[in-house]
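Comments concern the structure below.
The values are calculated or read from the model by the stated rules, or taken from the named source; none is laboratory data. The structure presented is a predicted model; accordingly, all values stated were derived computationally and were not measured. Here Cβ is always computed from backbone atoms with ideal geometry, including for glycine, and neighbour counts include all displayed protein chains.
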Amino acid sequence: MDYLIEKVAYLKGLMDGLEIDDRTNEGKILVNIVDILHDIVHEIDDLNASKDELDEYIQTIDEDLSDVENELYGDDDDDEYTDDSHYIEVECPHCHETVYFADDLFDTDNELYCPNCNESIYDEELSDLDD
Ligand SMILES: [Zn+2]
């Protein structure tokens with residue numbers, strides 16, 4: 001944009017330097033064309049400035065909206081250990097206490113131990129509790 005403004009400014013300077021006579025018909029037309037060009041590039045520059053302001057404003061609103069969405073629907077990145085649906089309820093076969101395990105623990109080969117009696121809870125005892 002600055003490039004266009006500079007070119008028109010240069011053209012205006014050139015017209016002064018060449019002493020274009022605005023009392024002739026051609027001179028009047030040229031002076032008016034350059035004036036209009038000058039107005040147009042400055043008008044576009046103003047529009048660009050408002051557009052940049054709007055872009056910034058929209059981005060701020062978008063970020064705020066994301067915050068609201070995360071607040072309402074939960075953020076998939078960090079709700080894994082706060083949302084009850086990610087826990088599996090298990091009755092310990094040893095002490096019969098109801099205990100909870102994060103469901104991603106079942107995706108690993110790690111043995112699960114009851115937090116109440118510290119006995120191992122085997123997968124086969126969970127198979128009929130699977131949801
Ligand atoms: Zn137990």
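Are any residues in region 104-131 exposed (fewer than 12 other Cβ atoms within 10 Å of the Cβ) and modelled with pLDDT under 70, and if so, which ones? Those that are exposed (fewer than 12 other Cβ atoms within 10 Å of the Cβ) and modelled with pLDDT under 70: 123, 124, 127, 128, 129, 130, 131.
Taking the residues in region 85-103 that are surrounded by 11 or more Cβ atoms within 10 Å (Cβ to Cβ) and within 25 Å of residue 73 (Cα to Cα) as candidates, determine which candidate is farthest from the ligand (Cβ to nearest atom). Restricting to residues being surrounded by 11 or more Cβ atoms within 10 Å (Cβ to Cβ) and within 25 Å of residue 73 (Cα to Cα), the top hit is 86. Scanning region 88-108 for residues that are among the acidic types (Asp, Glu) and outside any loop (DSSP other than H, G, I, E, B) yields 89, 91, 103, 104, 107. In the set (1) among the hydrophobic types (A, V, I, L, M, F, W, C); (2) touching an Asp or Glu at 6+ places or on another chain (Cβ under 7 Å); (3) modelled with pLDDT of 90 or more, residue 1 fails one condition alone, (3). Only one entry in 99, 34 is modelled with pLDDT of 85 or more and in contact with a Leu (Cβ under 6 Å, 6 or more places away or on another chain), namely 34.
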